[in-house]
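Beneath this line is the structure, given in structure tokens, with notes to follow.
The values are calculated or read from the model by the stated rules, or taken from the named source; none is laboratory data. This structure is a prediction, so every number in the text was calculated from the model and none was measured. No Cβ is skipped: glycine too gets one built from the backbone with ideal geometry, and neighbour counts run over all protein chains shown. These accessible areas exclude ligands, DNA and RNA; they are computed on the full protein's heavy atoms, side chains included. Shrake-Rupley method; radii C 1.70, N 1.55, O 1.52, S 1.80 Å.
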Amino acid sequence: MRGDLHVHIETARLHLSPATGTSGDADGRFHIVDRHSRRTLGRIALRASRHSRARGLELSYAVADAHRRRGFCAEAAHALVGHALEHGLTGRVYASTAWSNLASRRVLASLGMQQLDIAMLDWESLQGEVDLGDEAEADLTPYARVEYELHRADWLARLAADRPAFRSARPA
């Protein structure tokens, strides 16, 4: 990663506050904080994958159940991804989510991410965690992973088209 993600980012409703790693350094993880109540709603991260050699930064996020379905993940993702791509911190952002997680898939699509692949988990990885019953009849759709990516050039092209809803947040 070129540059630094140790910044505070503000949006209309949210403040993204850098979380620090065990060494005290910012590592691409942020707390999603409500600007008005100052309550932590969840976490978002944009960092190099720890389990893949994929180029670019991996986006991940989670919001507490009580705060879901209000657009907080989408707002935080737009702000963080926008900051990273507009400041040249990476040329590519990627993410994956469960096929059954329609809310997350909508967040990724709203960023302009393109679907790359649908990967099914193998039978062995599901043993002991899922009651497959009759394997011939098992519906593994909830266990499929959908992979997405977004390139910097595509993000900048969308910004140049001046879509008001697509404007990114400003660093604090």
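Descriptive notes on the structure:
- Taking the criterion of being in contact (Cβ under 8 Å) with a residue 12 or more places away in the chain and surrounded by fewer than 22 Cβ atoms within 10 Å (Cβ to Cβ), the residues of region 62-77 that qualify are Ala62, Val63, Ala64, His67, Arg68, Arg69, Ala74, Glu75.
- Among (1) assigned to a loop (DSSP other than H, G, I, E, B); (2) at pLDDT 90 or above - the single one Thr22 does not satisfy: (2)
- Screening Ala45 with (1) modelled with pLDDT of 90 or more; (2) under 22 Å from Ala153 (Cβ atoms); (3) open to solvent by less than 50 Å² (accessible area, probe 1.4 Å) gives one miss only, at (2).
- Candidate set: region 81-100, residues that are outside any helix (DSSP H, G or I) and either more than 13 Å from the chain's Cα centre (by Cα) or free of Cβ contacts under 8 Å to residues at least 40 places away in the same chain (or both); chosen: the one surrounded by the most Cβ atoms within 10 Å (Cβ to Cβ): Thr90
- Condition met for Ala54 (small (Gly, Ala, Ser), touching a residue at least 12 places away in the same chain (Cβ under 8 Å) and open to solvent by less than 30 Å² (accessible area, probe 1.4 Å)): no
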